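The values are calculated or read from the model by the stated rules, or taken from the named source; none is laboratory data. Quantities reported herein were computed from a predicted structural model and do not represent experimental measurements. Using ideal geometry, Cβ is built from the backbone for each residue, glycine included, and neighbour counts are taken over all protein chains shown. We work out accessible area using only protein heavy atoms, side chains counted, and drop any ligands, DNA or RNA first. Shrake-Rupley method; radii C 1.70, N 1.55, O 1.52, S 1.80 Å.
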Amino acid sequence: MDYNSDIIRDNSPMDSLEKQLICPICLEMFQKPVVILPCQHNLCRKCANDVFQAGNPYWPTRTTVSGGKFRCPTCRHEVILDRHGVYGLQRNLLVENIIDIYKQDHSRPEKKKENHPMCEKHEDERINIYCITCQVPTCSMCKVFGAHKDCEVSPLQNIFQTQKTELSNCISMLVAGNDRIQAILGQLEELCKSIKENSQKKKESLNGVFEELSRVLEEKKAVLVQRIAQAEEEKTDFVRTLIASYQEQIQSSSNLLQNALQASEQAGHATFLLESKQLIKRIMDASKGSQLEKTESGFEYMDQFTLDTEHVLECLRNLDFNTGCDDEEEEEDETEEYEEPEEEQPVDRSQLTKQHVFNASKEITQAQ
């Protein structure tokens, strides 16, 4: 039968003794207990002095009075103290010795009492044998008269050692398994660290690839812009040359016109005839040579610099990491392209690499 250990401890003599060793003022175990005569109650000397000081507030400054009154906080008995006050009370050495013995006893480690299990069928019989057939511990009465009378039994000590050894082996296996799991956890942590490091390296590599692509595009852009600027300069120079030629022709025509007007205003016939023939010839020659060079239709447009980037944009949209496809799949794709060249083959994103983008950039230049 089991008993509540707290109930047993509360009703034990040591607990009753502990209650008798508690100061009614501080509710702690006595510290230098003093006995109050004649009521024989005990107080800590410090607690008694505090009570005395509270009841006699002028005690520290009094010089003519040789004593004071002290009222016991337990029974309210009044005691007249001498000039020493509370320090004149006798110390209770017996209580001090009892407290020392009590503290020494409680400082020792408590011995665990063996709680031997009893048989459920026979309450007065202790379990002292082990049924090997049923694999359960039992008592002697169950072996002789009870459910295990036809079973094979063994002393508890024999089975205890066997199962204790087996349990120890299981514990060792469990510890070893935990060690393996701990090692695997360490490997997984290292794996996470390696994944993070490799991911960072790939990110840096990818940033480098795109920086290279940006650099190539910027270089290509600069080249194409330079070509447009060169064509602009050439066409502008040509047009300005034509403008200068036409301006010279206008100036020459203006001068010839002025000479013709002056000649037509001559009064003398002979003078007019001497100059008119040559002047008419000059006008005819000027009229014949007025066919200057002209610009072609649409000369001002820059249609030759139209850039077709659709296939390059498609390549960039389909840009993806190389998944490492087998060579056989690549050969099958090439065969399909050869057999049906008229059909547009789907773009395999896994095969688009940095080189494809570079080749597409070259195609832009070659298209010009």
Point to revise | Total residues in segment 82-134, condition assigned to a helix (DSSP H, G or I), at pLDDT 80 or above and in contact with a helix residue (DSSP H, G or I) (Cβ under 8 Å, 6 or more places away or on another chain) | key: 1
Review point. Does Leu206 meet the test of being open to solvent by less than 80 Å² (accessible area, probe 1.4 Å) and either over 30 Å from Ile129 (Cα atoms) or under 51 Å from the mean Cα position of the chain (by Cα) (or both)?
Key: yes
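Determine which member of the set Gln163, Gln157, Gln104 is under 30 Å from Glu18 (Cα atoms), open to solvent by 80 Å² or more (accessible area, probe 1.4 Å) and within 60 Å of the chain's Cα centre (by Cα). Show your work before the answer.
On the way: Gln163 fails: under 30 Å from Glu18 (Cα atoms); Gln157 fails: under 30 Å from Glu18 (Cα atoms).
Criteria check complete, one pass: Gln104.
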Exercise for review: List every residue pair whose Cβ atoms sit under 9 Å apart, with the two residues 6 or more apart in sequence or on different chains, where the first one lies in segment 117-146 and is over 19 Å from Gln161 (Cβ atoms) and open to solvent by 90 Å² or more (accessible area, probe 1.4 Å) and the second, anywhere, is small (Gly, Ala, Ser) and in a loop (DSSP other than H, G, I, E, B).
Suggested key: Lys121/Gly146; Lys121/Ala147
Study note, to complete from the structure: With the first residue restricted to segment 72-87 and required to be without any contact (Cβ under 8 Å) to a residue 40 or more places away in the chain, and the second required to be β-branched (Val, Ile, Thr), Cβ contacts under 8 Å at 6 or more apart or on different chains are Cys72/Ile36; Cys72/Val79
Review point. Any residue at all in segment 258-267 that is polar (S, T, N, Q), open to solvent by 60 Å² or more (accessible area, probe 1.4 Å), within 30 Å of Asp320 (Cβ to Cβ) and assigned to a loop (DSSP other than H, G, I, E, B)?
Key: no
**Study point:** Single residue of Lys196, Lys281, Lys220 found to be in contact with a Ser or Thr (Cβ under 7 Å, 6 or more places away or on another chain) and not in a loop (DSSP other than H, G, I, E, B)
**Key:** Lys220
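Tell me, which residue of segment 292-306 that is outside any loop (DSSP other than H, G, I, E, B) and within 14 Å of Glu234 (Cβ to Cβ) is least open to solvent (accessible area, probe 1.4 Å)? If you could, list the steps in order and put the result at the bottom.
Filtering segment 292-306 for residues outside any loop (DSSP other than H, G, I, E, B) gives 303-305.
With the extra rule that they be within 14 Å of Glu234 (Cβ to Cβ), the set shrinks to 304-305.
Values: Gln304: 97, Phe305: 47 Å².
Here the residue is Phe305.
Restricting attention to segment 60-81, and to residues there that are part of a loop (DSSP other than H, G, I, E, B) and modelled with pLDDT under 75, which single residue is least open to solvent (accessible area, probe 1.4 Å)? Full working, then the answer.
Residues of segment 60-81 that are part of a loop (DSSP other than H, G, I, E, B), as a first pass: 62-67, 72-77.
Those left that are additionally modelled with pLDDT under 75: 62-67.
Values: Arg62: 90, Thr63: 125, Thr64: 130, Val65: 58, Ser66: 80, Gly67: 13 Å².
Out of the qualifying residues, it is Gly67.
It is to be established whether one or more residues within segment 170-177 are among the aliphatic types (A, V, I, L, M), part of a helix (DSSP H, G or I) and open to solvent by less than 50 Å² (accessible area, probe 1.4 Å). Full working, then the answer.
Here is the first cut: in segment 170-177, the residues among the aliphatic types (A, V, I, L, M) are 171, 173-176.
Checking which are part of a helix (DSSP H, G or I) leaves us with 171, 173-176.
Those still in the list that are open to solvent by less than 50 Å² (accessible area, probe 1.4 Å) too: 176.
Scanning segment 170-177 turns up at least one residue that is among the aliphatic types (A, V, I, L, M), part of a helix (DSSP H, G or I) and open to solvent by less than 50 Å² (accessible area, probe 1.4 Å).
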Check your understanding: Taking interchain pairs and intrachain pairs at least six residues apart, which have beta carbon atoms under 7 angstrom, with the first residue in segment 12-32 and closer than 12 Å to Asn92 by Cβ and modelled with pLDDT of 75 or more and the second in a loop (DSSP other than H, G, I, E, B) and among the aromatic types (Phe, Trp, Tyr)?
Key -> Leu21/Phe30; Cys23/Phe30
